[in-house]
Amino acid sequence: MKRESLLQKLIMTFIIILTIVLVSLAWILSIWFKITYFAEKRTQFEQDGQYISNAIKRYNVEKGDIEFDKLQAIIDMSSVGANADIIVSDKSDYIYVYSKIEDNKTTEDKPYISEKNMKLLIDGTPVEYINEHYTYIYPIIENDEFQGYVIITTPLAIISKQLHRIYIIVWISALIAMVFASAVLSLFSKKILINPLAEINNVAKKFANGEVNRRVHIESRDEIGELATSFNIMAESLEKVENNRREFISNVSHELRSPITSIKGFIAGIIDGVIPKDKEGYYLDRAYSEIKRLTRLINDLLDLSAIESGKLKFYIKKININELIRLCIINNEQNIKEKEITLKIELQDEKCYVNADEDKTMQVITNLLDNAIKYCGKNGIIKISTYHKGSKVFVQMYNNGPKITDEEIRHIWNRFYKSDKSRTNKISTGLGLPIVRMILMQQGEEVWVKNNIDIGVTFTFSLTKYKDSKNSRNRLNL
């Protein structure tokens, strides 16, 4: 399908609007020029009629050949100046002087004057009418008596010819203005609209083809500039998402490849007989450990994916956070004993109720406790405490392991990030803390980490305190 140019659409739209405007303007100007031209003609004929009327009055006083020649000269000059025929008639309709020297000029050669128009002339009112000619009749009044009239006639063809010249100038000017305006519009549209949009379009296509580092370079303070800025913001966001996706795929591939390679090596050694019979149990146990590690990784990935996509449902209810902490400690008792860790518990109340999802909160506590056990050295110390402030309950988990650097704190919530890869590669998936953060965020809560002054790290997260509305009402009634 042939692509339609935005510039062509703009120019065509502009030409249509401009044509309508200019045609309307030219039409209005044509009418205005016509009205103005006839008004000027009327004024000119009135002045000529008055001048000839005064000359006739002088001729009537001083009749003679010299005065008649003067009158004839005045009429001829007026005729040439007005480009019209002039006839002078007395009140008996007798033509005694006219602008064209024709001996056979009679009353039949002058325009017909109706009875109504004759009454107007007798009253001293000029008369005009338009048919094939434009005729202006000026009355001759002397001593308040009607003495005759001056007929000034010009063919409409002459007037139309002069108006036609004006019309041509108007329409040619409109056409030139239209062409000039279209050229200017085309030039400026390309510079301020078409070219920037073309650049954005080209960068978008390259971005779609995988060149995520492409940006639009448009410096403008109008809507196009805002569009370019928004595009660059979107591009940066998508580039970050793409980089995270690639890093995620790389990390997942690495994390999956490692246990699969180990399992494959152990099983192949047993099948090929490379591993002695008395060692098969040991290597099968190692293979089973790798399978459990692979299972943990897959489960964590599924949980994180479900949380991020919003498909994981939360069932908020009243739970005893202190009881959940005790259950998590019992579940991890073996790991705590193996590292001979001293566990300190400081719970503010015997029972502390919060509004939260029980299973998801259990997973949060478990992940944080697993993290504390991993980074706590042999004979280390882990301290779990709870306290409430206002409408929130805070759970703190301290371990006296090494401090976390500022750089590590910025990345500790990222997927697959491991502070000590050499020490945690076999026991950590790098997804525990991101899952903790996502679960709490989905419930509108917060989690943060802080280094202690001397040694150790403290993780703290918040929960919403359970409020018994019924008991609150009873206390108010009392």
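A few comments on the model shown:
- Accessible area per residue for the stretch 128-249 is 64 Å², calculated with a 1.4 Å probe on protein heavy atoms, without ligands, DNA or RNA.
- Legend: distances between Cα atoms for Lys277/Lys339; Lys360/Lys467; Lys240/Lys313; Lys205/Lys313; Lys339/Lys450; pairs beyond 30 Å are Lys277/Lys339; Lys205/Lys313.
- The distance between label points at Ala73 and Ile130 comes to 3.6 nm (points 7 Å beyond Cα on the Cα→Cβ vector).
- For the pair Ile329 and Asn414, the difference between a 0.36 nm per residue extended length and the Cα-Cα distance amounts to 28.0 nm.
- Averaging the Cα positions of each part gives two centres, and for the stretch 348-383 and the stretch 5-74 these lie 102 Å apart.
- Mean-position separation - Cα centroids, the stretch 331-345 and the stretch 162-204, in angstrom: 83
- For Cα Rg over 2.2 N^0.38 Å, computed directly from the structure shown, the correct entry in [x] 1.18; [y] 1.00; [z] 2.30 is [z].
- Of the DSSP H helices in the chain, those whose Cα atoms cover at least 20 Å axially and whose Kyte score averages 0.0 or more: 6-61, 65-82, 156-189
- The stretch 324-394 - share of DSSP beta bridges that are antiparallel (%, nearest 5): 35
- Note on exposure: Arg293, Arg165, Arg42 ranked by accessible area (1.4 Å probe, complete protein assembly) read Arg165, Arg42, Arg293, with the most exposed listed first.
- Probe 1.4 Å, protein heavy atoms only - accessible area per residue of the stretch 25-103 in square angstrom: 60
- For the stretch 198-297, the share of accessible area belonging to carbon and sulfur comes to 54 percent (1.4 Å probe, ligands and nucleic acids excluded).
- Percent accessible area from carbon and sulfur atoms, the stretch 116-192, protein chains only, probe 1.4 Å: 65
- Highest to lowest packing among 59-65, 119-125, scored as the average C-beta count within 10 Å: 119-125, 59-65
- Peptides ranked, highest mean first, by Cβ atoms within 10 Å: ranges 320-330, 398-408, 208-218: 320-330, 398-408, 208-218
The values are calculated or read from the model by the stated rules, or taken from the named source; none is laboratory data. All values reported here derive from a predicted model rather than from experimental measurement. FYI the Cβ positions are ideal-geometry reconstructions off the backbone, even for glycines, and counts take in every protein chain you see. Quick note on the areas: whole protein, heavy atoms, side chains included, nothing else; ligands and nucleic acids left out. Shrake-Rupley method; radii C 1.70, N 1.55, O 1.52, S 1.80 Å.
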